[in-house]
Each structure stands twice: as structure tokens, then as C-alpha cells.
Amino acid sequence: METAVKLPAVTKGAGVLGRVSAGWRDGVVVTTQSPWTIARPMMASPAPNIVFVKSLEREHLEELVRAGTSRPIVIGLGSGLAMDAAKYIAWRTGASLIQVPSTVSNNACFTRTCGCLEQGQRAPVRNVPVPEQILIDPDLIRQAPARLNRAGVGEVLCSHTSLVDWELAHRAGRDVDWQAAIAERTRRELRTLEQVAPAIGADEMDGYVALMDIGERFAPEFLAHPKARFNAASEHLFAWCLEQQMGRRLIHGESVCLGILLMAHLQDNAPDWAAGVIRAARVAFRPEQIGTTWDQVERAVLALPDYARQVVPWYSIIDALTDHATDGHGKLERGFKAARAFVEGLH
């Protein structure tokens with residue numbers, strides 16, 4: 001059954017941040033230092049109230065709640081860290097939520113999940129408020145590091161592997177909001193991504209905006225089908241597990257892209273096609289490029305069966321390989337070695 005949801009109003013265009021921010025005098029902007037430094041000269045005066053986010057640890061988020069409690073509007077300005085923190089504060093205080101992505105590196109502004117942490121372990125808060133408004137200002141986005149903007153490819157390409165996982169979960173009898181029509185619409189968006197990947201790799205604004213347009217088209221499905229795994233599954237589990245084991249954040253879309261390549265190989269799911277999109281968009285994916293090592297990657301992959309059971313219990317190719325298997329761990333280890341060889345062979 002469709003869930004009735006109110007969709008955010010998406011406002012796009014050069015200079016939109018300056019025009020709309022004139023109405024934020026009674027709001028609190030939740031941000032980090034780099035995007036705030038860029039955005040502040042673009043905004044209307046006087047400056048609104050500001051809180052800076054350091055992490056998504058729940059204890060820190062509660063500190064931010066206390067700092068922004070009396071404000072009727074919460075504005076998340078930045079990348080996923082700032083926008084997830086803004087979701088949390090709006091959820092806790094009942095304030096209206098506005099999201100202003102400073103990069104196209106992720107789709108956090110379109111989802112109802114806050115990637116909250118508790119002592120470094122993912123403890124997501126779901127069903128946080130839908131933003132009243134999302135502002136997409138090309139003048140802001142083009143000033144972000146191109147590497148961050150290109151990494152946004154991972155937040156769409158992840159559907160290549162998550163669609164397979166979603167269908168595996170459906171066949172295993174899991175309650176996953178299975179919708180064949182959503183799967184087909186998602187495949188169309190993957191074809192669109194393939195077409196715009198060269199523009200993204202060339203750091204063209206049209207390519208970046210196309211990424212946000214896909215996220216906007218996904219938004220109704222995110223909101224109406226919260227259990228549907230059409231846009232996040234084993235590749236995200238890998239990225240989160242890797243960060244947890246390393247004890248620090250990576251550029252999310254880059255670690256997801258590495259996860260896509262590994263999981264697509266495990267799924268026997270056209271890994272060469274996924275690699276072609278990643279390379280056309282010039283997204284970093286090799287461990288040494290993204291700030292990790294193959295040893296750390298291997299530990300994260302082999303930890304996924306326990307990680308998924310204990311932290312994010314999504315059924316995926318990892319379960320399909322290891323459930324009810326007499327040599328499940330060995331099968332996963334052998335599959336990883338073959339997937340690693342595939343990634344190492346990409347040029």
C-alpha cells in the first residue's frame with residue numbers, strides 16, 4: 001500500500017540561496033566550516049544563528065539540539081554530515097526543516113534517515129522529518145571540490161547492486177516493500193546516469209545537476225516505501241562497516257563505489273558496466289586513492305555477515321552466499337579475492 005507523504009518543495013537556480021535566506025532570521029543553520037565559509041557571502045544579511053557539526057555521535061547531536069531548541073526553522077547547509085544533523089535536530093525539536101546541499105556528493109536531503117552513531121557504531125534514526133524545502137544553488141555547488149561532487153555518482157550507481165540484493169531479499173521472503181515498477185524505474189535512472197557520467201567526469205554543472213535531478217525523482221519512493229532497498233544494500237553495508245572498522249569517515253560516494261565493484265562481482269552482476277560508469281565519471285575507488293588499504297577492505301568484507309546481523313539487518317548477497325552454507329565464510333573469502341583481482345585489474 002502506498003504511504004501518503006508530503007514531498008519537499010525543490011527550488012533550483014543561481015542566486016536562490018541569497019533570495020530565500022532573507023527569511024531565515026529566526027532559524028538556526030546547521031553546517032560545517034568549509035561550506036559555511038563559501039555560503040556566507042552568498043546569503044542575505046544579517047547572518048542567522050549558526051551551530052557547527054563535528055560528528056553524528058548521538059551525544060554531540062543532543063548538544064546541538066540544546067543549542068537550537070528555540071528556533072522554529074532548522075537549515076542544514078553542507079554535505080551529508082550537516083544535513084543529517086539538521087534532520088536530527090528538527091526531529092527532536094519539531095522545527096521545520098530546510099536542506100541546502102553544498103555538494104552533490106550524497107542524497108541525504110531526499111531521505112528520512114539520519115546516520116546517527118553511538119560510540120562509533122551506526123545507529124540510524126529513521127522517519128525523521130521531510131524537509132519543507134530543498135534549495136539547489138549551482139553557484140554554491142560549483143565551489144565544492146570537484147572530487148566531492150563526482151563522488152555523488154555512488155549514491156545513484158549503488159542501485160546497480162542494491163536492486164539485485166532487494167530482489168534476493170524479496171525471494172527470501174523478507175518484508176522489503178517489493179515493487180517491480182520501482183525496480184524498473186530505477187533501472188531507467190541507471191541508464192540516465194550512464195549517459196551523464198562523462199559530463200560529471202568533466203566537472204560540468206549540467207552533470208552535477210543531473211545527479212540531483214535523479215535524487216529528486218527517487219524521493220517519492222524513498223518516502224513512500226521506507227523498507228525498499230532499491231538504492232542502498234550490500235555496497236552501503238560495506239562502506240559503513242569499513243568506516244566503523246577504521247574509526248573515521250571516508251568520502252562516502254567513493255567507498256560506496258568500491259563497494260559497488262566488489263559486490264557486483266560477488267553478484268555476477270555486470271561489474272564491467274559499473275566500472276565503466278565510475279571511470280567515465282572519474283570517481284576515485286581504489287583503496288589507496290580513497291584513504292584505506294586492501295587489508296582493511298578485506299576485513300570489512302569478511303565482517304559483513306556479523307555487521308549486517310548486529311547493526312543494519314538488510315538481506316543481501318552476503319546472506320545469500322553465507323546462509324545455510326557449510327563453508328559460508330570460505331565462500332565469501334574466495335569471492336572477495338576474485339573481486340579484488342577484478343578491481344586491481346581495472347585501468
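The values are calculated or read from the model by the stated rules, or taken from the named source; none is laboratory data. Since the structure is predicted, the reported quantities are computational estimates derived from the model, not experimental observations. Note that each Cβ is placed from the backbone with ideal geometry, even for glycine, and that neighbours are counted across all protein chains shown.
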* Structure fact -> Of those in the stretch 315-331 that are modelled with pLDDT of 95 or more and in a loop (DSSP other than H, G, I, E, B), the residue surrounded by the fewest Cβ atoms within 10 Å (Cβ to Cβ) is 315
* Pair list, Cβ under 7 Å, 6 or more apart: the stretch 147-174 residue without any contact (Cβ under 8 Å) to a residue 24 or more places away in the chain, other residue in a loop (DSSP other than H, G, I, E, B) and not aromatic (Phe, Trp, Tyr) -> 170/176
* Asked: Between a first residue in the stretch 19-32 that is hydrophobic (A, V, I, L, M, F, W, C) and a second residue that is modelled with pLDDT under 90, which pairs have beta carbons less than 6 Å apart while being 6 or more apart in sequence or on different chains?
  -> 22/44; 24/48; 28/49; 28/68; 28/71; 29/48
* Residues of the stretch 187-215 satisfying the condition of being among the charged types (D, E, K, R) and touching a Lys or Arg at 6+ places or on another chain (Cβ under 7 Å) -> 189
* Asked: Name the strands (runs of 3 or more DSSP E) wholly within the stretch 1-107 that hold at least 1 residues that are in contact with a Phe, Trp or Tyr (Cβ under 8 Å, 6 or more places away or on another chain) and surrounded by fewer than 17 Cβ atoms within 10 Å (Cβ to Cβ)?
  -> 49-52
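Give the stretch 285-314 a look and list any residue that's in a helix (DSSP H, G or I) and among the β-branched types (Val, Ile, Thr), or say none. Reasoning before the result, please.
Our first condition is that a residue be in a helix (DSSP H, G or I); within the stretch 285-314, this holds for 287-290, 294-310.
Listed by number, the residues that qualify are 290, 297, 301.
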* First in the stretch 322-339 and closer than 16 Å to residue 306 by Cβ, second anywhere and at pLDDT 95 or above and β-branched (Val, Ile, Thr), Cβ under 6 Å, 6 or more apart -> 336/301
* Asked: Among the candidates 189, 235, which residue alone is crowded, with 16+ Cβ neighbours inside 10 Å and without any contact (Cβ under 8 Å) to a residue 60 or more places away in the chain?
  -> 189
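Could you grab me the full set of residues in the stretch 108-150 that are assigned to a loop (DSSP other than H, G, I, E, B), hydrophobic (A, V, I, L, M, F, W, C) and over 26 Å from residue 43 (Cβ atoms)?
Looking only at the stretch 108-150, we keep the residues that are assigned to a loop (DSSP other than H, G, I, E, B), and these are 111-112, 115-116, 119-120, 123-124, 127-132, 137, 142-145.
Among the residues that remain, those that are also hydrophobic (A, V, I, L, M, F, W, C) are: 116, 123, 128, 130, 144.
Within the stretch 108-150, 116, 123 meet the criteria.
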* **Conditions (1) at pLDDT 95 or above; (2) touching a strand residue (DSSP E or B) at 6+ places or on another chain (Cβ under 9 Å); number of the one not met by residue 267** => (2)
* To do: Would you be able to say whether some residue in the stretch 217-226 is hydrophobic (A, V, I, L, M, F, W, C), more than 19 Å from residue 105 (Cβ to Cβ) and within 19 Å of the chain's Cα centre (by Cα)?
  => yes
* **Unmet requirement for residue 95, which otherwise passes all of (1) among the hydrophobic types (A, V, I, L, M, F, W, C); (2) in contact with a Lys or Arg (Cβ under 7 Å, 6 or more places away or on another chain); (3) in the same structural domain as residue 31 (by TED's automatic domain parsing); (4) under 30 Å from residue 317 (Cα atoms)** => (4)
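Just a yes or no: is a residue in the stretch 111-123 modelled with pLDDT of 95 or more and either hydroxyl-bearing (Ser, Thr, Tyr) or farther than 19 Å from residue 235 by Cβ (or both)?
Keep residues of the stretch 111-123 that are modelled with pLDDT of 95 or more, which gives none.
No, the stretch 111-123 contains no residue that is modelled with pLDDT of 95 or more and either hydroxyl-bearing (Ser, Thr, Tyr) or farther than 19 Å from residue 235 by Cβ (or both).
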